[in-house]
Structures are given as C-alpha cells and as structure tokens.
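Since every read-out is calculated from the coordinates, none of them should be taken as a lab result. Fair warning: this is a prediction, and the values are worked out from it, not measured in the lab. Cβ: placed from backbone, ideal geometry, glycine included. Neighbour counts: every protein chain shown.
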Amino acid sequence: MFAGSTEFFGAAALRLRKQVTAATLLVLTAVMATGCSSGGSGPGPTGVTCSETRPCPSGLVCLLDRGLCAVPIGDLPDMTGESKDLAGMPPADMTGMPPADMTGMPPADMTGMPKDMAMMPPVDMAMMPPVDMAMMPPVDMAMPMPDMAMPADMAMPMPDMTMPADMAMSPSGGKVCPDPHWCWESPLPQPNTLHGLWAASPTDFWAVGERGTVLRYNGTSWEAIPIATTQTLHAVWGRSSSSLWVVGAGGSLFYWDGTRFTAQTSGVTGALRAIFGDSSTVRVAGDSGVILKWNGTSWTPEPTGTTTVITSIWGAAANDVWAGTNNSTLCHFGGTAWTCGGEPGFNYTLGIWGSSKNDVWAVGPASQAMHWNGTTWATVSRSAASQATSIYGTAANDVWMVGNNGSIERWDGTSWKSGFGSGSTGLYAVTGSGPSNLMAVGGYGLVMQNKTGSWVTPNSTTREMAHTMWASAPNDAWIFYYGGKARRYDGSKWNVLTPGFEGYSATGRAANDLWVGTTGGRVARYDGTTWTLSATREPVNPITGIYIAAPDRVYLASYTNIQIWDGARFTVQATAGFSVASIWGSSANDVWAVGSSCNYLRYNGTTWSSGKIAGCSGSLTAVHGTAANNVWMTSDSLTTAFRWNGTTFDTITTPARGGLLGVYATPTRTVLISDSGEITHGLPGSFTRSAISPNAFYTTFGLSADQLWVAGDNSEILSWRP
C-alpha cells in the first residue's frame with residue numbers, strides 16, 4: 001500500500017498525525033502492546049492481559065473492563081499541539097508482524113475525548129477485520145522535501161492549481177467537448193451553426209447543426225452527444241428522450257435509443273431537411289421531393305409528385321400533414337396520397353407549424369406569413385422585413401417566428417409583433433416546452449432563451465480574431481484580438497475587456513508583470529491593476545514578439561529589428577532583414593526569432609546570426625521550445641514542422657492538413673495549430689489530429705502538458721481536457 005504512495009507522507013500525513021489524540025493512542029496501545037528489541041527479530045505484537053489478581057508490567061495500567069494493559073494517559077505525548085518533526089525518525093520495522101487479533105474487543109470508550117472530537121460516534125473495532133501488517137513494508141518517513149526553487153531565468157510564481165468551478169465536474173464540467181481532449185471555452189456552448197431544435201421536456205432540449213453537432217441541454221448546461229457523422233445535420237424530432245431521430249446532409253438518418261445513436265438506412269443521397277411525427281407515424285423529408293415514412297422496421301418512400309426541395313413538415317394528425325418547399329409548391333397528405341400544387345401568394349416555405357388542423361402557419365419570405373383556417377390559405381402581413389426560417393407556438397395566440405437576421409416575432413392572436421430579437425446573427429430554429437420555456441438557435445452556435453417573457457443570449461456573441469495569448473496560472477489567462485478587444489479568464493469564465501490597445505504579442509513573469517506588444521512599436525505593461533504604454537526604438541511597426549529572459553533582459557521583435565530592454569532603456573540589437581513573426585528563447589544566451597521566407601535569427605549571448613531552414617517554404621509563423629536542443633518552428637505553407645535538436649533541424653511529419661500557424665511545446669506533448677481549424681498534438685511519430693473547427697486557429701499557450709489553450713477566429717477558444 002505505502003510502497004507506491006510516497007505523496008501520502010507529505011503535508012497530508014503531517015496533518016493526519018496532528019489529529020491523533022491521546023485516547024486514540026490509549027486504545028492502540030492496549031491492542032498492540034509489543035515486545036521490542038534493538039535489533040534482529042523479536043516477539044510479535046500481543047495483547048498484554050491483566051486482572052485484579054494479575055497486575056500489569058511496570059509502567060502500564062490495567063483496563064479492568066477490557067482485561068488489557070495500557071499506557072497511562074498522562075505518560076502519552078501531547079499530540080494536540082503542533083506536530084513534532086518526524087523527519088529524523090527511523091523507519092518503523094513492521095516486517096514479520098502477524099495480524100493483530102481484534103476479534104471480541106468491545107467498543108472503544110471515547111466519552112473522555114476532547115470537545116472537538118466529541119461528535120464522533122464510538123468506533124466499534126470489533127467489526128474491523130484483522131489487519132495483516134506483515135505485508136506492509138517498512139515506511140521510511142525520512143524523505144527530504146524536494147527543492148522546488150525555479151532557475152533564475154524561469155522564476156515564475158507557482159500557479160494556483162485550484163480547479164476552476166466549471167472544470168471540477170466529470171467528465172467535462174458541463175462544457176461541450178468536440179474531441180476527447182478539447183473542450184469549448186468560447187463561444188458557449190460551441191461555435192458550430194445550429195439548424196434544428198426539439199424539446200422533450202423543460203429540462204431536455206436537443207439541437208443539431210454543422211459538422212455532425214448534436215447537443216443536449218439539461219436545463220442548466222449543454223453536452224455534446226457523440227454521433228458517427230461530420231455531415232451537417234438539419235433537423236431533430238422525437239417521441240421521448242429515449243426515442244428520437246436526427247436527419248441531415250447526404251441522406252444522413254440516425255436514431256437515438258436513450259443510450260446511443262445508430263445509423264439507419266434512408267436509401268437516398270440528397271439532404272434530409274425536416275422530420276415530424278406522432279405516436280403512430282414518423283416522416284422525414286428533403287431534397288428532390290423525398291418523403292420517407294417509418295414503418296417500425298425501415299424507411300419507405302412516399303410518392304409526392306414533385307422534385308423540389310421539401311424544407312419543412314408538420315401535421316395535425318397522421319392523415320393531415322403539410323409539407324413546405326423552396327418554391328411555390330405546398331404539399332398535403334390527406335390520409336391516402338400526397339398532393340402538391342401552387343397556393344396563391346406562396347413563394348417558398350421554410351417553416352410550418354399549427355395549433356390544430358384549422359390553424360396552420362407557413363412562413364418564409366420577408367414581410368409575410370401564410371395562414372390556413374381549415375378551408376383556405378391567406379396572406380398575413382408581418383412587420384419584420386426578414387426571411388423567416390422557423391416557426392413554433394404554444395397556443396393559437398402564442399406563436400413565435402425567427403429569421404435569418406436574428407429577428408424574433410410573435411403572433412398574439414391578432415397581429416405579428418416584432419422587436420423581440422436583437423443582433424444580426426441568423427436564427428434557424430425555434431421551439432419550446434411551454435410558454436415560459438422557449439429556445440432559439442442559429443449561426444455560430446447562437447442560443448437564445450425565453451423563460452421570463454424576454455429573449456436573452458446567455459453568453460457573449462462578439463466575434464474577433466485572436467492575435468496572441470499568455471497565462472500566469474490556470475485561473476489567469478489573457479487573449480488579445482485584432483481591433484483592440486481582449487479576454488481574461490478568471491477560472492470560471494472569459495471576460496471581454498477593452499484595454500485601449502491592440503495586442504500583437506504577449507508574455508509575462510507573473511499576474512502583475514505582463515508585457516504586450518502593440519501597434520506603433522509600443523509596449524503595454526500590466527502591473528496587476530493598470531496598463532502603462534511605453535514607446536520603444538521601433539517607430540512604426542507593431543511589436544510581434546516578446547521574450548523575457550530576466551527582468552533586465554527582455555527581447556522584442558518587430559517587422560524590422562530586434563530590441564532589448566536592459567531594465568532602464570530599449571536598444572536596437574539587430575536588424576532583422578525580414579519580417580519577424582515570433583521570438584522565443586531557452587535562456588538569455590539562446591534566443592530565436594523567426595519570420596518571412598523561412599528566415600531566422602539566433603542569439604548566442606554575444607552576436608546574432610541569421611539562417612534559412614532548408615526544405616521550408618512560405619513564412620515561419622511561430623517558435624517555441626523546452627530547451628536549447630528542442631526548439632520547434634512552424635510554417636504557414638506546410639503541414640510539416642521543424643525542430644532544432646541542438647545541432648541541426650529535423651523535419652517533423654504531422655497529420656495536419658493545413659498550414660501551421662502556431663506551436664506550444666512541452667517535454668511530453670507538443671501542440672500545433674493550423675489555418676484549417678485543426679489541432680495536432682503529441683510527439684514525433686505519435687501525433688493525433690483533431691479537426692475541430694472550419695475556422696483558423698492563430699495562437700496557443702500552456703502552463704504544462706495538461707494545461708493548454710488554443711484560440712482563433714470568431715472568438716473561438718478551446719482548452720485541453722486531460
């Protein structure tokens with residue numbers, strides 16, 4: 001037990017020893033009174049018995065109610081104060097000790113314990129099995145504490161390893177994780193456009209969308225549900241939480257049985273775009289006029305007489321179903337066959353819903369909606385000049401419509417009212433479980449909710465392109481964006497900030513010593529409270545890289561030169577001759593700067609030398625490493641990376657499919673990011689590629705192999721999940 005658990009004998013063990021009381025030791029002594037010798041083997045532990053006529057050996061007292069000898073309490077050491085220094089104690093030799101026979105012992109009398117222990121119930125040790133200590137090796141507690149002092153050039157403060165509240169849950173702390181190792185931090189719950197939405201109950205919503213995205217909402221948080229496709233999914237509908245279908249591009253059709261999704265054969269290759277059913281019938285519809293009906297075993301086609309795209313479907317009953325199309329055709333099933341034909345005033349239909357067979361709405365074109373009263377269709381004016389994409393209601397006088405410009409409208413039984421939605425991001429589906437629990441989803445993973453009469457967006461919808469990032473601790477990370485925005489992570493969320501400058505590069509030594517390179521050759525420094533902007537020797541171009549070797553050895557790169565801060569002033573140390581994109585060093589005497597046309601500069605503590613990597617094309621985008629003989633570089637035109645091994649450059653093959661834009665290296669894991677939304681992680685020969693996003697990733701940073709972030713376009717942020 002103890003041989004492989006040396007961490008136990010640290011601070012936790014010392015705290016545990018402080019909690020041992022005199023009464024506890026009294027019981028233990030009574031049970032385990034032993035014969036000892038200064039060397040060799042001696043008699044094993046035995047219970048020393050006593051009675052009124054049989055006294056205990058000298059120094060012990062008789063517990064008459066137990067018939068055992070024990071050490072008097074007054075002779076026991078005081079364990080209630082600070083613990084003694086046990087580091088010098090020799091290991092206890094427990095080898096060869098037979099099991100202690102505890103059978104038949106009465107409960108320990110703890111009534112005399114100190115007040116802070118009086119709430120503990122008596123411990124009936126008679127129920128405890130014999131403890132065989134003969135298998136326990138000697139426990140050497142005399143381990144010196146390791147020297148955790150960091151080298152001077154790496155003297156960063158110890159990070160706060162307290163787990164953020166939103167990451168303390170299993171398996172992903174309520175975060176949506178598109179990959180076994182990467183979870184979305186922004187936008188929340190995730191950034192893929194959502195096209196379909198269905199509610200099983202107030203605490204069970206389902207949403208589907210691009211890249212095979214399936215999300216489930218439990219009333220508090222979202223989780224990603226695995227499904228074996230990366231196709232765009234268009235619609236979801238079910239009979240219950242354990243019986244639902246999802247349809248999408250390429251004839252994709254999946255069934256959820258409450259545990260997992262299983263692919264079903266649709267027999268079509270065109271997109272399936274809509275689904276609806278009841279307790280007896282389920283139909284899906286899509287391209288080329290396709291409508292399929294589920295017979296309980298398989299999907300069979302129903303002739304429609306049209307080849308146009310069917311966009312939406314809804315029914316009042318199994319024999320009264322309407323289907324909308326992308327032109328003036330509207331289809332109806334009356335119980336025997338489908339009939340499709342033009343209806344006055346129709347251009348196209350994107351959404352259809354009704355409260356009954358005599359109250360059906362069809363929506364699509366701007367400024368109008370169509371209403372069926374059981375006999376005819378009529379045009380009803382809308383105030384919003386937006387294309388309506390979806391419609392849902394809770395009653396005949398409570399109908400909601402969403403549009404492709406983020407508009408939200410409501411029918412109150414008399415007219416359509418607008419102005420409920422804000423923003424320009426399109427909404428593509430709306431549903432609910434009742435009038436006080438509505439939801440709409442749309443572009444870039446946008447989710448809106450209405451639980452109190454007002455539509456709100458729980459999370460930020462701003463979209464920026466990341467420049468750079470840096471972190472001082474797991475609960476203190478920064479990302480700087482084009483246009484002057486920034487985000488700071490506080491351990492639970494990313495807060496949007498406007499620092500007053502546009503950050504191009506960032507690094508630091510502590511939470512109160514952050515350096516950010518910005519436009520006009522300036523540097524912004526953060527002292528934990530305020531930002532201070534300072535001019536450097538670069539008059540025009542942004543500072544594209546910063547490396548801090550020591551407080552008085554800070555290297556700055558720009559498009560034209562390399563500067564050094566000596567604690568008092570900036571001095572130009574080298575003219576680059578190319579546009580420098582990134583700078584990093586293993587020490588003040590080993591600094592690398594990389595940039596355009598695969599050029600690099602290297603500083604040896606005295607002079608800068610230049611070079612160009614053979615076999616490289618495009619521009620070097622980033623440099624990072626762990627030591628002087630493990631320096632990684634990436635190119636925006638290649639899927640291969642380059643690693644300096646201390647003597648030469650190794651060409652590292654990766655499974656990436658896009659140009660590499662960033663790198664973060666640790667001794668056990670290197671992360672590479674690409675312009676095709678991929679994250680490649682691992683080591684040479686064992687890289688894993690994760691196709692995460694359709695958007696590029698531009699920056700990555702970490703505190704360790706298991707504390708990593710990646711950021712890119714559209715404010716996308718991911719964190720590593722070990």
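Summary of computed values
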{"quantity": "The stretch 591-709: relative contact order in percent, alpha carbon pairs under 8 Å with at least 6 residues between", "calculated": "16 percent"}
{"quantity": "Those chymotrypsin sites (Phe, Trp or Tyr not before Pro) in the stretch 196-258 that DSSP places in a loop and that have at most 10 other beta carbons within 10 Å", "calculated": "none"}
{"quantity": "Cβ-derived FRET efficiency at R0 25 Å, N319 paired with A378, nearest 0.05", "calculated": "0.60"}
{"quantity": "Simple label model, 7 Å out from Cα along Cβ direction - R657 to V456, nm", "calculated": "4.0 nm"}
{"quantity": "Trypsin sites (Lys or Arg not before Pro) lying in DSSP loop within the stretch 197-299, provided at most 14 other Cβ fall within 10 Å", "calculated": "R260"}
{"quantity": "Principal axis box of the stretch 454-546, alpha-carbon based, largest edge first, Å", "calculated": "53, 25, 19"}
